[in-house]
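Below: one structure, written as structure tokens.
The values are calculated or read from the model by the stated rules, or taken from the named source; none is laboratory data. Small disclaimer: the values here were computed from a predicted structure and weren't measured. As a convention, Cβ positions derive from the backbone with ideal geometry for all residues, glycine included, and neighbour counts pool all protein chains shown.
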Amino acid sequence: MRVREIPSRDLPGIADAEWRMRERSPYVSKGIAYVPVKDGYPADRELSPRTTYKGRGFYMLGTIAVLHGREPTGSEIREIETWKRPTGIIWIRSYSGRERIPDARIISGTSHEVCHHELGMAFWLDPARVMFSQGNREEKRWMMQRVTPGERVADMFAGIGYFSIPSGIAGATVHAMEINPVAFRYLLRNIRENRLDDRISAGLGDCRDLLSGAYDRIIMGHFDSLLMLDAALDHMREGGMIHVHTAGRNPPVIPEQYRDRCRDGGTVRRIKKVAPHTWHYVLDVRAG
């Protein structure tokens, strides 16, 4: 494709240019717009047709490519390197323990701190050292839409701030708790990075020991959350909402011993598939 190179800021000024091919959109990269040119008019260069990536699924955290599932093959790694030129490729086999520590293998390049931008938020992390689930993007958006200004929110398994940051941006006063010291350091950094020091307070330790007072909303973003539902219910205002994250083959239900403390059976939302026949669910429970 024949194109002319112009600064992207000058695009509005050539909207009606006679030489511009209107059937094709300009390609913009690093402040330069490559504008398709009609036949018969001079061009600056010829661009090769853009290709579509059809290889192994992955996602980018900053400049690092992250893979899950089976071990990647050499050809899959080379395809990712050619397509994205990442500074590192990490294969995460699983997450272990209550601290959700990645079982990670560096396949190519290096692992290092990166800043991942999502929905207008910034998250600093090293993906080989702390968990980050790309599949929770829509859950973050959902939280930003549901949390209302002035709510007192507890995030019992805050990690690096996956749900604390969106809740704070939505206007809540957030009590974020995290037991993993590495994730906690990133949580503090991300609170500062997103300028939420006045809305989010953070505590390091077991969330069951850190819960204090009564909350309007509690986020339980750990797959073992149902085992600690009693601690959350002890600190809920009547009518408040608890978001219980679980994983399993079947949708979760409120354990029988807690049903008299809840207004109804709760609402189940299916978030994403995490393993064969296993889904990530959120059970939204209103305290009675």
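Points to keep in mind about this one:
- Of all positions in region 197-214, none carries a residue that is of a type outside the set (A, V, I, L, M, F, W, C), part of a strand (DSSP E or B) and under 18 Å from the mean Cα position of the chain (by Cα).
- Tally, over region 102-125, of residues that are touching a Lys or Arg at 6+ places or on another chain (Cβ under 8 Å) and not small (Gly, Ala, Ser): 7
- Scanning region 47-87 for residues that are within 19 Å of the chain's Cα centre (by Cα) and exposed (fewer than 14 other Cβ atoms within 10 Å of the Cβ) yields GLY57, GLY69.
- Selection count where residues are within 24 Å of MET177 (Cβ to Cβ) and surrounded by fewer than 16 Cβ atoms within 10 Å (Cβ to Cβ), scope region 106-119: 3
- Positions within region 88-105 being surrounded by fewer than 15 Cβ atoms within 10 Å (Cβ to Cβ) and in contact (Cβ under 8 Å) with a residue 12 or more places away in the chain, in sequence order: ARG93, ARG98
- Residue within region 253-264 that is closer than 18 Å to GLY135 by Cβ, in a loop (DSSP other than H, G, I, E, B) and touching a strand residue (DSSP E or B) at 6+ places or on another chain (Cβ under 6 Å) present: no
- Members of region 167-196 found to be over 15 Å from MET121 (Cβ atoms) and assigned to a loop (DSSP other than H, G, I, E, B), listed by number: ILE179, ASN180
- Filter result for ILE218 (part of a strand (DSSP E or B), modelled with pLDDT of 95 or more and closer than 26 Å to PRO102 by Cβ): yes
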